[in-house]
Amino acid sequence: MAGEDYILKVKDLEKTYPNGVKALKGVSFDVKRGEFLVIIGLSGSGKSTLLRCLNRLHDPTAGEVLFNEKDIAHVKGQEVKEVRQRMAMIFQHFNLIERHSVIKNVLTGALSRTSTLKSLMGMFAKTETKKAKEYLDLVGIGDKAYTRADQLSGGQQQRVAIARALTQAPEVLLADEPVASLDPATCHTVMDYLRKVNRELGLTIICNLHFLSLVKEYADRVIALKDGKLVYEGDPKEIDEAWFERIYGEGAKEVHVN
Amino acid sequence: MGTHLIKRVTFDGINFGFLFLVFLLGIFTPNEEELLNLSKNSLVALGCVVLGVVFSLIINKMGIKTLGELLFAPPHKKTVTSTPVIWYRTFWGIQTAGTVLLMSVLGYFVTEVNVREVLDIENIKNVLRLIEQLATPNWEVLPDVVWKAIQSVFIAFMATLIAVPIAFLLSFVSAKNIMGTTPVGFVIYMMARTLFNIMRSIEPIMWAIIFAIWVRFGPFAGMLALLVHSIASLSKQYSEIVECVDEGPIEGIESTGAGFLQTIWFAVVPQIVLPYISFTIYRWDINVRMATIIGFVGGGGVGELLLLYQRQSLWNEVGVVILVIAIIVWLMDNFSAYVREAIK
């Protein structure tokens, strides 16, 4: 695989929580620049922990995360914030500030570039506001800019979260179960926007998903976690019945989302 | 297992110790001099508690459930219920009833209950005369009283106003979810909590005594007294709101690469503003009540007049003060309830 451009190289990543739970037991994989990588696995298999160890919302216990060839697994202070800015994240429950307007939520993506004093007074640069509006248009809710975030539907809120993530000007977008609390119809809208930013903006996407049908539709490549270990890596189309049972346990049945 | 045993034994020990002590009191019937011998009596009381602890251990060992066991047994033991037994057939039932009964009898003597005094014709005549005077207020003092009552409202207002920004900052220091993540933070959190608890357990009227000496008698002393109490109370209430915030937005803002202050401002503050306002208005309401009586110890406000008139038995004037205080407290109560309802 010489000549491949890897944005992330994860080596023997381990995470043990203070209560003794071993969420990750030595996970290694590479992420190609610009790909749409999907992580599958049961609840509690370590998917969410893995994402949070990449953008350093959590501190890995051991191992390496090479981000553009630089190990960021154990950096501290200001460097952690920089890692978070360059690896944006969206969440299952959107994690917006519900009482604030959509535009104000999107602008929080620019916090890392705005001085504390200015941001506390709500003074964001004009260019930031313009960018924020562009990204809102990109995810199709430009007309909702001055609506309060909690007035939007789940799918719209997740699109606001995508716009906020894009405002960070990241290189990687981490998505932690982005459609798990949405209804099936809205699922596809949100996934389509993720694919759009992946293809049009060239953003590398690492996405945790539950539904295998979505995986087959959107993923370039898939890795599977089970009990904190990597159990599969490869083409989503090659996941057959046998693999499915190995990942999700015996007797598991696939649920289709249309 | 350990903590449950300690809690049960402590509770039962004090409970049984009390019963033993009353029992001893009944047998030896000590005279007044003996009753005031504090050091000796403390020893006896301690002995009774130790005896109570031993008693609790023995009784529970025998499989009889004491009240302490009933209250503090861990959940997995509580769910094991045999056929229901009426309370007076159980040991803990008798224990509770016995304790309450003994407390009542003791209380009757300690508080010097005297029904005859209440029903005495002469006494009733006296109080009727008082009520009559209170009910015919001397309106000439009304301007004085109203002015002092306004002073009370402002004492309360200033105390609340200055307490708000201080308590706002302190509330983050004393919130477990903000400070509890690092060992140093946890120590600061514990120290802040302890300090607030001590500050709150000293009533404003005590603070007023201190400040009346410090800055001399008057409304400023009263304001400072209420301020100290308000800072402690608001910090505690605010920090409890901070501890209840949704962690989602915090994670959301952190994930953008925002700093600590930015995260607090954007993820925490929007969630706490309304509850903060609600608690603040309620605190003002409470402070007005306190400001009306803080004048008793030199803290200014309408309480000064109440003390002045009461000392001279000017009951017609006292009547005016009572009426004005009642109206103001009633108004503040309604105002605060009205606003708090609206911003819920």
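Quick notes
- Its Cα centre serving as origin, region A:6-248 has a Cβ charge dipole (Lys and Arg +1, Asp and Glu -1) of approximately 940 debye.
- Area buried, chain B against chain A - accessible surface, total, 1.4 angstrom probe, square angstrom: 1900
- Annotation: region A:28-69 has a Kirkwood hydrodynamic radius of 11.7 angstrom, from the mean reciprocal C-alpha pair distance.
- Descending semi-axes in Å of chain B, equivalent ellipsoid built from Cα gyration tensor: 42, 39, 20
- Cross-link reach list, aspartates and glutamates versus B:Lys176, counting only Cα pairs under 16 Å and skipping chain neighbours closer than eight places: B:Glu240, B:Glu243, B:Asp246, B:Glu247
- Accessible-area composition of chain A, carbon plus sulfur, in percent [1.4 Å probe]: 49
- Computed label-point distance, nm, for sites A:Asp240 and B:Val113 using a 7 Å Cα→Cβ extension: 8.7
- Computed log₁₀ I(q)/I(0) - Debye formula, equal Cα scatterers, no solvent, region A:148-241, q 0.19 Å⁻¹: -0.97
- Under 5 Å from the amide H of A:Tyr232 lie the amide H atoms of A:Ala224, each residue being 5 or more positions distant or on a separate chain, with H modelled from the backbone and absent for Pro and chain starts.
- Over the protein assembly as shown, volume per residue of the alpha carbon convex hull, in Å³: 261
- Structure-based [θ]222 nm, chain B - -39500 (n - 2.57) summed over DSSP H runs of at least 4, per residue, nearest 500: -25500 deg cm²/dmol
- All Cα pairs of region A:6-248, percent lying beyond 29 Å: 28
- A Förster radius of 41 Å combined with the Cβ-Cβ distance from B:Met191 to B:Val215 puts the calculated FRET efficiency at roughly 0.90.
- Proximal charge balance of A:Lys133 [Cβ under 13 Å; K/R count +1, D/E count -1]: +2
- GNM result for chain B, Cα springs below 10 Å: residue of B:Met223, B:Met290, B:Met62 fluctuating most strongly: B:Met62
- At 1.002 mPa s and 20 °C, Stokes diffusion of region B:86-129 via Kirkwood alpha-carbon radius, µm² per second: 163
- In whole percents, the pair-distance distribution calculated for region A:21-137 from its alpha-carbon pairs, binned every 10 Å from zero, is 11, 35, 33, 18, 2.
- Taking only Cα atoms of region B:1-147, radius of gyration then Dmax in Å: 24.4, 74
- Net charge over other residues, Cβ less than 15 angstrom from the Cβ of A:Gly63 (K, R count +1; D, E count -1): +3
- Whichever aspartates and glutamates have a C-alpha closer than 18 Å to that of A:Lys130, once near sequence neighbours (fewer than 8 apart) are set aside: A:Asp143
- Of the residues B:Phe55, B:Phe154, B:Phe28, the one that moves most in a GNM of chain B with alpha-carbon contacts below 10 Å is B:Phe28.
- Exposure of B:Cys244 as accessible area (Å², to 10), given a probe of 1.4 Å and all protein chains: 110
- Karplus-derived 3J(HN,Hα) values for region B:133-143, using 6.51 cos²θ - 1.76 cosθ + 1.60 with θ = phi - 60°, are 5, 4, 7, 10, x, 8, 5, 4, 8, 3, x Hz; glycine and proline are entered as x.
- Put B:Val105, B:Val321 in order of accessible area, highest first, and with a 1.4 Å probe you get B:Val105, B:Val321.
- Pairs of Cα atoms farther than 13 Å apart, region B:33-79, %: 66
- Listed residues B:Trp207, B:Trp214, B:Trp147 arranged by accessible area, highest first, probe 1.4 Å: B:Trp214, B:Trp147, B:Trp207
- Gaussian network model of chain B, springs between alpha carbon atoms under 10 Å - residue of B:Leu102, B:Leu308, B:Leu331 with greatest fluctuation: B:Leu102
- Rolling a 1.4 Å probe over the protein heavy atoms gives region A:6-248 an accessible area of 41 Å² per residue.
- Along its principal axes, region B:132-179 has C-alpha extents of 58, 21, 6 angstrom, given from the largest down.
- The Cβ shell under 14 Å around B:Asn126 holds other residues with a net charge of -2, Lys and Arg each +1, Asp and Glu each -1.
- Working note: Cα atoms of region B:265-344, range along each principal axis, descending, whole Å: 58, 24, 9.
- Ignoring lysines fewer than eight residues from A:Lys25 along the same chain, the ones with Cα atoms less than 23 angstrom from its Cα are A:Lys9, A:Lys11, A:Lys15, A:Lys47, A:Lys70, A:Lys76, A:Lys226, A:Lys229.
- 3J(HN,Hα) along region A:205-210: 10, 10, 10, 7, 9, 9 Hz, from the Karplus curve 6.51 cos²θ - 1.76 cosθ + 1.60 with θ = phi - 60°, whole Hz, x for Gly and Pro.
- Using the empirical formula 2.2 N^0.38 Å as the baseline, the Cα radius of gyration of region B:141-225 reaches a ratio of 1.45.
- Convex hull volume of the C-alpha atoms in region B:139-342, normalised per residue: 116 Å³.
The values are calculated or read from the model by the stated rules, or taken from the named source; none is laboratory data. On a predicted model such as this, the values are computed, not experimentally measured, just so you know. Note that each Cβ is placed from the backbone with ideal geometry, even for glycine, and that neighbours are counted across all protein chains shown. Just the protein is used for accessible areas: all its heavy atoms, side chains included, with ligands, DNA and RNA removed. Shrake-Rupley method; radii C 1.70, N 1.55, O 1.52, S 1.80 Å.
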